[in-house]
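Notes follow once the structure below has been shown.
The values are calculated or read from the model by the stated rules, or taken from the named source; none is laboratory data. As the structure is a prediction and not an experimental result, all values here were calculated from the model. Cβ sites come from the backbone with ideal geometry, for glycine too, and all protein chains shown count toward neighbours. Surface areas here come from the heavy atoms of the whole protein model, side chains and all, with no ligands, DNA or RNA. Shrake-Rupley method; radii C 1.70, N 1.55, O 1.52, S 1.80 Å.
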There are 2 protein chains.
Amino acid sequence: LNALITLRWQDRQLILLDQTRLPNHIEYLTLTTIEQVRDAIRTMVVRGAPAIGVAAGYGMVLVANAIADDNYPGFIQELESAGADLALARPTAVNLAWAINRMLGRARAQVGTPVALIRQLLEQEAIAIHQEDITINRAIGENLLSLLQPGNTILTHCNAGALATSAYGTALSVLYLAQERGISLQAYADETRPRLQGARLTAFELHQAGIDVTLISDNMAAVVMAQGKIDAVIVGCDRIAANGDTANKIGTYSVSILARHFGIPLYIAAPTPTIDTNCPSGSCIPIEERDGEEITRINGELIAPLGIKTYNPSFDVTPAENITAIVTERGIIYPPFQDNIQRLMATELMATERL
Amino acid sequence: LNALITLRWQDRQLILLDQTRLPNHIEYLTLTTIEQVRDAIRTMVVRGAPAIGVAAGYGMVLVANAIADDNYPGFIQELESAGADLALARPTAVNLAWAINRMLGRARAQVGTPVALIRQLLEQEAIAIHQEDITINRAIGENLLSLLQPGNTILTHCNAGALATSAYGTALSVLYLAQERGISLQAYADETRPRLQGARLTAFELHQAGIDVTLISDNMAAVVMAQGKIDAVIVGCDRIAANGDTANKIGTYSVSILARHFGIPLYIAAPTPTIDTNCPSGSCIPIEERDGEEITRINGELIAPLGIKTYNPSFDVTPAENITAIVTERGIIYPPFQDNIQRLMATELMATERL
């Protein structure tokens, strides 16, 4: 895989590629505390729902190793409190809460185990989350590949690539798998304002890997679709409600309406931990609003009048009716999503219980 | 009217507000040759279909005053040659060719008149184009106002404001007229990548005039529409085909599909010279493609990987079926556009012939 490593666990420290500096500065940061992990997630040094989940897992290891209390009740209390704080870093992606809960669940199940051993188990769990993410992404890529033809061109929005995950990416995994197998696929990348993840990250990682990518402004998607250039839209996802509504990077809703208008399939690429069955529909997914300066400044420089009013939702909800299929590591979910998501999750639960 | 003056004719020189430097630098350039006018149009120092037309009129005066030949045949030949060159500055807006042709028509009708007098008549003609533009924009504003209710919020794309015209603007004229009359209207402005005319110009001129404006990224239009915040979309236009298809700033096509999806009316605000009856449909409107660096650099700074492939059409065509009405100074044109445009243009021709 010709891609930069997004995050690495080394000497019990978390090494993160600083994604706010890409594509023109390649810098790694070494994180040693959960507070640093929380800040890195909040400031988008690390971003992308799966990568946030993996980083959160390691963040929990960092705090577990830092807690002075060697008695189980005090240890677990401090761990839970740190996890609750970390979960606030970004509200929309469910993977953050999912990874923290998985780590807490591992610790909670160890009543009676010496805390020193629990620390080791937590490190193993975080590494497992990390490794599973890579396996999951390859499986998503396989499933996406079954939906495309050689020579197809996809449109993608934001970055659901290697940089948003441990490797391969969710939406972009299909491009890397196709490349490995000598199958030709091309991509158009929406630049994805305001943070420009399409320009800074997707165009960068695909270009670096030698995959054919064309960068456009978000508002050009309708034109390339009308010109017949796009065979499928594939995007990542931050949370999937029980009815199939999905929260994605701001602008995905717009792309979904355009795709539907032009009869182009829209595939949501997401690992099953992105499914939040506690959330009946998109209306209950919290949508993060970020600072208006993301719109009014680029690289610190003002591109709008000082003091202008802005509205800056970081995500939007694509209604299930605009989605052709949700592509997970466990299979492709087609409508009716409510039933088919329930069926998939039940199967997963049974599989987990058998372990 | 609380807005900056876009262009001024003074001492037989054209004074232009340099719109590439807004909103943070207010600088005027003094142009004394047609070549400078051509370059100012090409580099978007002056932009917006009506303002380009007015600038082109004065450009023709500058060259008429510079032609050394005082014999009519030589004079008219040089004038036509200069006009043909100026017309190439930007291909999509028909107003450029329209203004040049109007100036040439005035000169061609003066066979036998001393060239010194023709120069004066040309100056009068350019001033007339300039003055008419202001009158036209107020009339468009009146017609738009009849389509809105007090308290309404409009969404606009790019800049079809005072800065795109001699004053008032086309799409934004309704906001200035409403303000003059104490009627409350609000606006959302798409930032309009890649050149950011929405952020740099629309947000700037409305904010400066004290009109309530909220700046969003282009890809947020679907969300604000879905939230019920938008009562109407109003945009300017660069060319209207005989069937009602319109060429507008890139991204308008996308907005038109979204407006239709949400059942929000889309009004095209345009003076009748924007109608090109020689053009049967949108497919024959030339679409300017501009340098990819408009996408990859902002204020000279790289925001995408060096050497990335881009696609940068500067305009797109909104099909007539997505348009609720075309609002001109001579009235509101509703579908069927083919018939109703023809009827309006015939009336105009009759009115012109009566003069």
Original post:
When the residues of region B:179-207 are filtered to those that are more than 21 Å from the chain's Cα centre (by Cα) and in a helix (DSSP H, G or I), which remaining residue is farthest from the other protein chains (Cβ to nearest Cβ)?
Top reply: B:Glu180
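Which of the following residues is open to solvent by 70 Å² or more (accessible area, probe 1.4 Å), of a type outside the set (Gly, Ala, Ser), touching a residue at least 24 places away in the same chain (Cβ under 8 Å) and closer than 24 Å to A:Thr170 by Cβ: A:Arg42, A:Arg38, A:Arg21, A:Arg47? Quick ask: steps written out before the conclusion?
Details: A:Arg38 fails: open to solvent by 70 Å² or more (accessible area, probe 1.4 Å); A:Arg21 fails: touching a residue at least 24 places away in the same chain (Cβ under 8 Å); A:Arg47 fails: open to solvent by 70 Å² or more (accessible area, probe 1.4 Å).
Within the list A:Arg42, A:Arg38, A:Arg21, A:Arg47, the selection yields A:Arg42.
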Subject >> Among (1) open to solvent by 20 Å² or more (accessible area, probe 1.4 Å); (2) out of contact with any Phe, Trp or Tyr (no Cβ under 8 Å at 6 or more places or on another chain) - the single one A:Ile287 does not satisfy >> reply: (2)
Original post:
Considering only region B:223-267, how many residues are out of contact with any Gly (no Cβ under 8 Å at 6 or more places or on another chain) and under 17 Å from B:Ile136 (Cα atoms)?
Top reply: 7
**OP:** Scan region B:321-337 and report the pairs whose first residue is in a strand (DSSP E or B) and whose second residue is aromatic (Phe, Trp, Tyr) and surrounded by 16 or more Cβ atoms within 10 Å (Cβ to Cβ), with Cβ atoms within less than 9 Å and a gap of 6+ or a chain change.
**Re:** B:Ala325/B:Tyr267; B:Ile326/B:Tyr267; B:Ile326/B:Phe337; B:Val327/B:Tyr267; B:Ile332/B:Tyr267
**OP:** Name the single residue, out of those in region A:321-341 being touching a helix residue (DSSP H, G or I) at 6+ places or on another chain (Cβ under 6 Å) and open to solvent by 20 Å² or more (accessible area, probe 1.4 Å), that is farthest from A:Leu196 (Cα to Cα).
**Re:** A:Arg330
Original post:
So is A:Thr202 within 28 Å of A:Gly263 (Cα to Cα) and in contact with a Lys or Arg (Cβ under 6 Å, 6 or more places away or on another chain) or not?
Top reply: no
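Restricting to region B:297-312, give me the number of residues that are open to solvent by less than 50 Å² (accessible area, probe 1.4 Å) and more than 7 Å from every other protein chain (Cβ to nearest Cβ). Break it down stepwise before answering.
The first filter runs over region B:297-312 and keeps only residues open to solvent by less than 50 Å² (accessible area, probe 1.4 Å), leaving B:298, B:302-305, B:308, B:310-312.
Still in the running and more than 7 Å from every other protein chain (Cβ to nearest Cβ): B:312.
Looking only at that region, the number is 1.
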Original post:
Pick from region A:88-108 the residues that are outside any helix (DSSP H, G or I) and under 15 Å from the mean Cα position of the chain (by Cα): which of them is surrounded by the most Cβ atoms within 10 Å (Cβ to Cβ)?
Top reply: A:Ala93
Subject >> region B:231-258 - residue that is in a loop (DSSP other than H, G, I, E, B) and surrounded by fewer than 24 Cβ atoms within 10 Å (Cβ to Cβ) and, of those, nearest to the chain's Cα centre (by Cα) >> reply: B:Asp245
Original post:
So which pairs qualify, if the first residue must be in region A:208-230 and at the interface with chain B (Cβ under 9 Å from one of its Cβ atoms) and under 20 Å from A:Pro23 (Cβ atoms), the second must be open to solvent by 10 Å² or more (accessible area, probe 1.4 Å) and in a loop (DSSP other than H, G, I, E, B), the Cβ gap must be under 6 Å, and the two must be at least 6 apart or on different chains?
Top reply: A:Thr214/B:Tyr311; A:Leu215/B:Ile308; A:Ile216/B:Tyr311; A:Ser217/B:Pro194
**OP:** Collect the residues in region A:203-223 that are buried (at least 24 other Cβ atoms within 10 Å of the Cβ) and within 15 Å of B:Glu293 (Cα to Cα), keeping them in residue-number order.
**Re:** A:Ala203, A:Leu215, A:Ile216, A:Ser217
Subject >> Qualifying residue in region A:63-84 (condition: open to solvent by 20 Å² or more (accessible area, probe 1.4 Å), touching a Gly at 6+ places or on another chain (Cβ under 8 Å) and within 21 Å of A:Pro271 (Cα to Cα)) >> reply: no
Original post:
Given the conditions (1) in contact with a helix residue (DSSP H, G or I) (Cβ under 6 Å, 6 or more places away or on another chain); (2) surrounded by 24 or more Cβ atoms within 10 Å (Cβ to Cβ); (3) not aromatic (Phe, Trp, Tyr), which single one is not true for B:Val115?
Top reply: (2)
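Condition test on A:Tyr176, is it in contact with a strand residue (DSSP E or B) (Cβ under 9 Å, 6 or more places away or on another chain), in a strand (DSSP E or B), of a type outside the set (A, V, I, L, M) and more than 7 Å from chain B (Cβ to nearest Cβ)? Working first, answer last.
Numbers: in contact with a strand residue (DSSP E or B) (Cβ under 9 Å, 6 or more places away or on another chain): yes; in a strand (DSSP E or B): no; of a type outside the set (A, V, I, L, M): yes; more than 7 Å from chain B (Cβ to nearest Cβ): yes.
No.
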